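See below for the structure under consideration.
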Amino acid sequence: MATETNIPTGNAVATEGASLCWSCNAALAGNAHFCPNCGKVQPSTPIDYFEFFSLGAAPARKLDIDLPALEREFYRLSRKLHPDVFARASTREQQWSLEKSSQLNDAYRTLKDPIARTQYLLELEGVKLEEQSSAATLVARTSGEEKKQVVPPELLEEVFELNMQLQEMRMNKEMGEDDPAIVSDLQNAKSRFETMLDDLTSELKSYWNEWDATISAPGSSESDRIRVRDKLVDLLNRRSYIRNLVRDVNQALAG
Amino acid sequence: MAYSNKVIDHYNNPRNVGTLDKASSEVGTGLVGAPECGDVMRLQIKVNPETQIIEDAKFKTFGCGSAIASSSLATEWIKGKNVEDALAIKNTDIVKELALPPVKIHCSVLAEDAIRAAIGDWKKKQSASQAAPVTAEAK
Ligand code: FES
Ligand SMILES: [Zn+2]
């Protein structure tokens with residue numbers, strides 16, 4: 001829209017993460033959504049989800065976050081950013097509030113889920129989860145060495161075995177029309193897989209604490225950081241296999 | 001997700017599903033996984049010790065349609081090849097043949113990994129048996 005080209009985005013010179021309110025020139029914290037002085041919505045900026053919720057900026061983003069507080073903040077901001085509130089505001093304020101609403105929803109959805117939050121953090125840390133495996137294949141292809149699997153071979157064996165058992169149970173169920181013995185086999189498998197998944201979740205939480213401690217420890221080095229980061233990566237990789245088992249057993253029970 | 005006809009064909013009629021005797025010295029087993037999605041694939045080969053030709057190949061895949069099609073195709077391709085030629089198969093060949101979209105590339109990577117792992121396992125068995133002192137030169 002040609003009439004909007006003179007938007008004073010971020011208006012004033014931002015000094016060290018701080019900026020000035022576009023409307024009243026009051027000083028603002030870097031990620032303030034509203035001016036504390038005049039209450040106007042501020043231009044939306046491309047900030048990460050942790051920063052959006054003031055949960056620490058790079059490189060000190062914490063993983064173990066207070067969920068009830070996050071939820072309260074989400075509802076508070078949802079109300080303040082609701083389109084009805086901006087019905088009479090200027091076009092650009094409407095625009096900013098819309099953009100912020102959508103950031104808010106994305107940020108909340110990602111951060112409230114432990115796995116999505118961890119994945120997101122790793123992404124911000126520069127880990128490309130989807131590319132690890134193909135990168136390792138490339139190394140194997142050129143060196144002629146065996147490819148390093150990103151999860152331990154014992155886990156693959158176990159997962160493969162469990163998949164075999166599950167498939168057999170599923171086939172029996174299809175033929176045996178709800179034989180109670182098969183259903184109870186499946187239910188046992190289900191609770192076993194769910195326990196495995198729960199264990200991984202508690203393990204994940206212990207790594208969150210390790211991560212949070214590492215990033216805030218005064219003497220911690222880059223290699224400490226990478227060590228904890230890689231533990232998180234490793235855990236998410238292992239978890240995808242177990243998650244599939246839970247999904248498949250549930251499907252078998254429902255089907 | 002729209003699958004190509006070739007994928008659907010392999011998916012509906014997978015070739016060479018099954019198991020070979022893991023303990024046999026002529027059999028190599030590769031078990032690999034895709035951490036991206038948590039799918040697992042096992043591919044086995046039976047190699048003629050004289051000719052180094054892959055005489056049989058079987059697979060079992062717990063995964064998506066593209067992974068099943070990729071492994072099915074892989075077994076078809078490697079059967080009758082000698083191990084060195086089988087090692088030359090790249091995931092991009094599979095992508096091309098099955099017209100896999102970018103999000104399904106990792107499924108073809110899984111199949112390449114499985115071939116490599118199976119051949120690697122077989123080679124390990126060979127060198128282990130060669131290390132055994134009593135084997136006479138077979139000619
Ligand atoms: S989606 Fe993972 S192997 Fe295809
Ligand atoms: Zn203001």
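What follows draws every value from the coordinates through simple rules; no lab data is involved. Bear in mind the structure is a predicted one, so any value in this text is a computation, not a measurement. Here the Cβ positions follow ideal geometry from the backbone for every residue, glycine too, while neighbour counts run over all protein chains shown.
In this rough spin-label picture, where each label sits 7 Å from Cα along the Cβ direction, the A:Asp224-A:Glu99 distance is 3.8 nm. Selection among A:Gln167, A:Ala89, A:Leu124 by position relative to the dipole of the range A:66-215 gives A:Ala89 as farthest towards the positive end (Cβ unit charges, Cα centre). Quick one: Cα centre-to-centre distance for the range B:1-56 and the range A:61-103, in angstrom? Taking the Cα centre of the range A:61-103 as reference, the centre of the range B:1-56 is 51 Å away.
Of A:Arg238, A:Arg170, A:Arg117, the residue with the greatest mean-square motion in the GNM of chain A, using alpha carbon springs below 10 Å, is A:Arg170. At an R0 of 25 angstrom, the distance between the Cβ atoms of A:Glu130 and A:Ser202 translates into a FRET efficiency of 0.45. Here the alpha carbons of the range A:105-150 define both size measures, Rg and Dmax, at 15.0, 47 Å. Springs join every pair of Cα atoms under 10 Å in this Gaussian network model of chain A, and among A:Gly144, A:Gly126, A:Gly176 the largest mean-square fluctuation is at A:Gly144. Straightening the chain between A:Leu253 and A:Leu138 buys 37.4 nm, computed as 0.36 nm per residue apart minus the Cα-Cα spacing. Where the alpha-carbon atoms of the protein assembly as shown are placed on the principal axes, they occupy 92, 52, 48 Å, in descending order.
When GluC sites (Glu not before Pro) are flagged only if DSSP places them in a loop and at most 16 other Cβ atoms lie within 10 Å, the longest unflagged stretch of chain A comes out as A:17-124.
Helix B:65-78 and the long axis of chain B differ in direction by around 40°, with both axes built from C-alpha atoms. Lysine pair count for chain A (Cα-Cα distance under 14 Å; residues 8 or more apart in sequence or on different chains): 7. Adding -39500 (n - 2.57) for every DSSP H run of four residues or longer, then dividing by how many residues the protein assembly as shown holds, sets the calculated 222 nm ellipticity at -18500 deg cm²/dmol. Among A:Ser44, B:Ser72, A:Ser191, the ranking by other beta carbons within 10 Å of each residue's beta carbon, starting with the fewest, stands as A:Ser191, A:Ser44, B:Ser72. Whole-Hz Karplus values for the range B:113-122 come out as 4, 5, 4, 4, 5, 5, 5, x, 5, 4 Hz, taken residue by residue from phi with 6.51 cos²θ - 1.76 cosθ + 1.60 and θ = phi - 60°; glycine and proline positions read x. Note on A:Glu146 and A:Ser78: the model spin-label points, each 7 Å out from Cα along the C-beta direction, lie 5.1 nm apart. Coupling constants for the range B:23-40 follow from the phi torsions by the Karplus curve (6.51 cos²θ - 1.76 cosθ + 1.60, θ = phi - 60°), and in residue order they are 7, 5, 6, 8, 9, x, 10, x, 10, 9, x, 10, x, 4, 10, x, 8, 10 Hz; glycine and proline get x. What the Cα convex hull of chain B gives, in volume per residue, is 97 Å³.
Taking every residue in A:144-154, how many Cβ atoms of other protein chains lie within 10 Å of its Cβ, on average? Don't skip to the end; give the middle numbers.
Values: counts 3, 2, 9, 8, 0, 6, 4, 6, 0, 4, 0.
Counting Cβ atoms of other protein chains within 10 Å of each residue's Cβ and averaging gives 4.
Semi-axes of the equivalent ellipsoid of the range A:116-197: what are they in whole Å, largest first, if each equals the square root of 5 times a C-alpha gyration tensor eigenvalue?
Working: eigenvalues 260, 70, 21 Å².
Those come to 36, 19, 10 Å.
For the pair A:Asn209 and A:Leu155 in one chain, pulling the backbone fully straight at 0.36 nm per residue adds 16.9 nm over the alpha carbon distance. Residues A:Val233, A:Val183 in ascending order of nearby Cβ atoms (within 10 Å, fewest first): A:Val183, A:Val233. Take the alpha carbon atoms of the range A:198-248, find their center, do the same for the range A:138-172, and report the distance between the two centers in whole angstrom. If you average the Cα positions of each part, the centres end up 22 Å apart.
Mean Kyte-Doolittle of at least -1.0 plus a Cα span of 24 Å or more along the axis: flag which DSSP H helices in chain A meet both, please.
Working: long enough: A:91-112 (31 Å, -1.55); A:153-176 (34 Å, -0.65); A:180-216 (54 Å, -0.53); A:222-254 (48 Å, -0.65).
Result, helices passing both filters: A:153-176, A:180-216, A:222-254.
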